[in-house]
Every structure is written in C-alpha cells, then in structure tokens.
Amino acid sequence: MKPFEFTQGSLPLLVSIPHAGTALTPEVEQGLSEAARGLPDTDWHIPQLYDFVREMGASVLVANYSRFVIDMNRPPDNEALYTTATTGLYPETLFDGTPTFKPGMTPSDAQRLGYLATLWTPYHQQIQKELARIKQKFGYALLFDAHSIASVIPRLFDGQLPDVNLGTNGGLSCSPAIAEGLTEICAAQSSFSWVMNGRFKGGYITRAYGKPEENQHAVQLELAQCNYMDETPPFNWRGDKASTLQPLLKQLIDRMLKR
C-alpha cells in the first residue's frame, strides 16, 4: 500500500491527517498484543469528518499506515515532545499504558528504519513539497493538522478532555491574528468546550512546519472523539453528532483562511 493518499486543492491550505491509517506491515500485525489488535489509538473517521475541506478546495494528505507501525507526528529522532506521558515514533505502549506488542514480537531496529525511510519520510516530503508549492503560488501557506482522541485517558490527562483542543505550539506555529481568530470562533459558541494550547499544543508536524516568520502557519486540532463517534469498539461513526460538530470545524478553517 502507498504511504499516503494526497489530493491537491486550489486554496492556500493543506489539511494533514497523520493518524487515521489502519494498514499494518506483516511483522507489526503478527506482533500486536491482544489489546492493540483493534487499533484503539487510531484517529477514527477523521477523513470522513473533514470531507467538506475537499469541496472547499483544500489540499488533503492522509497517512495510510497505522501509528502502531510508525507515528507520522513524531520527530525522526524520536525525541520526546511532551514532559508528561506520551507515545513515541514507534509506540511501545497504547495510550492507556498497555503494551502494544506481545513479548519478543516488537519489530526489529532494521525493520523500523525501513518504516522511517519508506513511510514517514515520503509523508513529510509531501508536506514540504505541497507547502512550497502553495507558498510559491500565494506567497504564504497554511497547514491544518487534524487529530482526534478518546475523551477520557487517565494516563495522558486528568478528567475529560475539552471537546476542541487547538494547538499552536504555545503561539509559535502561527501568527497571533490566526490564533486570535480561532479563539474568537470558539468563544462565540457554547455547544462545545474548548482550549487553546492546553494538554495538546501541537505535535511534530505543527512544530516543524509552523514558521510564521516565513509566512507558513500551522495549527493542530485535537478533537474529543465522543463528539462524532462511539468511543468503544467497533468505534462506529455517529453521523448525528458529526453533523453538529462539522459547522464549527468549517468556521475554524474559514477563519484560518482569512489569516
């Protein structure tokens, strides 16, 4: 399978979806623990939730492989992004701390270097290529990194996660005007709880490609999954909930486009 699916759009915006993939390599599939076999830490249905962005004219990049093979939103040197509990480039545990692999069944270092070369690197090369194309055409480029996560994970955060978790790397990955505009959109509604730069400030993609001083702006949005799907297996899509959430997502993206 290809490392990713890519659709080029007409707007100065790239939407990156790095954690919705479910493809596995043979060695990862054979080695997964019973708890990991259902791929519980997947950003389920995110391409479907954001299907409207293609109609808007955004470019869309979606990783095909599961984060249990390699995490597209971690740095290639596997340096930790958070001082609190997290998972790495090659997740050894699930979000709840359960081992990802059966004892002795973790992929080898050589296999993982292969994932880095054939899956992670092409994904990031595509981000770089598309942002360069957009910037050449428009003079600036926007990157929206789309994520979701279970609303309650005691190992990662206390209590229930806010519905909408915007991250700008503490204000470093986009202009103040963009951050303020997104905050205004969230503050103007009362249906969904929200936070800016809370537990999720942005992963590697936001931090690496958000360079407002170079007219390149990046924002991460981590959604609580309870707002558009069932959080228990088989993780069903909930169209009734999604239809309520999608207008807010569109408003956020529209506002980002206004810079």
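Odds and ends about this structure:
- Some residue of the stretch 152-159 being surrounded by 21 or more Cβ atoms within 10 Å (Cβ to Cβ) and either hydrophobic (A, V, I, L, M, F, W, C) or in contact (Cβ under 8 Å) with a residue 12 or more places away in the chain (or both): no
- Residue within the stretch 63-70 that is buried (at least 19 other Cβ atoms within 10 Å of the Cβ) and of a type in the set (Phe, Trp, Tyr) present: yes
- Flag if Asn227 is open to solvent by 40 Å² or more (accessible area, probe 1.4 Å) and either more than 19 Å from Ser151 (Cβ to Cβ) or not acidic (Asp, Glu) (or both): no
- Subset tally (residues that are open to solvent by 40 Å² or more (accessible area, probe 1.4 Å), in contact with a strand residue (DSSP E or B) (Cβ under 8 Å, 6 or more places away or on another chain) and not aromatic (Phe, Trp, Tyr)) for the stretch 32-46: 2
- Taken over the stretch 41-79, the criterion of being polar (S, T, N, Q) and assigned to a loop (DSSP other than H, G, I, E, B) is satisfied by Thr42, Asn64, Ser66, Asn73, Asn78.
- The stretch 56-67 residues that are touching a residue at least 24 places away in the same chain (Cβ under 8 Å) and under 19 Å from Asp254 (Cα atoms), paired with ones that are open to solvent by less than 10 Å² (accessible area, probe 1.4 Å) and of a type in the set (Ser, Thr, Tyr) (beta carbon under 9 Å, 6 or more apart): Ala58/Tyr50; Val60/Ser16; Val60/Tyr50; Leu61/Ser16; Leu61/Tyr123
- In the set (1) among the aliphatic types (A, V, I, L, M); (2) in a helix (DSSP H, G or I); (3) touching a strand residue (DSSP E or B) at 6+ places or on another chain (Cβ under 8 Å), Val219 fails one condition alone, (2).
- Comparison of Ile178, Ile185, Ile205 shows that the only residue that is under 16 Å from Met256 (Cα atoms) and open to solvent by less than 20 Å² (accessible area, probe 1.4 Å) is Ile178.
- Boolean, Asp51 is over 22 Å from Ala146 (Cβ atoms) and either open to solvent by 40 Å² or more (accessible area, probe 1.4 Å) or in contact with a helix residue (DSSP H, G or I) (Cβ under 7 Å, 6 or more places away or on another chain) (or both): no
- Condition met for Lys137 (more than 21 Å from the chain's Cα centre (by Cα), of a type in the set (Lys, Arg) and within 20 Å of Val53 (Cα to Cα)): yes
- The residues of the stretch 5-21 that are under 14 Å from the mean Cα position of the chain (by Cα) and either in a loop (DSSP other than H, G, I, E, B) or closer than 19 Å to Arg112 by Cα (or both), listed by number, are Pro18, His19, Ala20, Gly21.
- Evaluation of Glu29 against (1) loosely packed, with under 14 Cβ neighbours inside 10 Å; (2) part of a loop (DSSP other than H, G, I, E, B) (one fails), failing number: (2)
- Output for the stretch 245-259, where each listed residue is surrounded by 14 or more Cβ atoms within 10 Å (Cβ to Cβ) and under 18 Å from Ser190 (Cβ atoms): Leu245, Gln246, Leu248, Leu249, Lys250, Gln251, Leu252, Arg255
The values are calculated or read from the model by the stated rules, or taken from the named source; none is laboratory data. Bear in mind the structure is a predicted one, so any value in this text is a computation, not a measurement. As a convention, Cβ positions derive from the backbone with ideal geometry for all residues, glycine included, and neighbour counts pool all protein chains shown. In case anyone asks, the SASA skips ligands and DNA or RNA and just uses the protein heavy atoms, side chains included. Shrake-Rupley method; radii C 1.70, N 1.55, O 1.52, S 1.80 Å.
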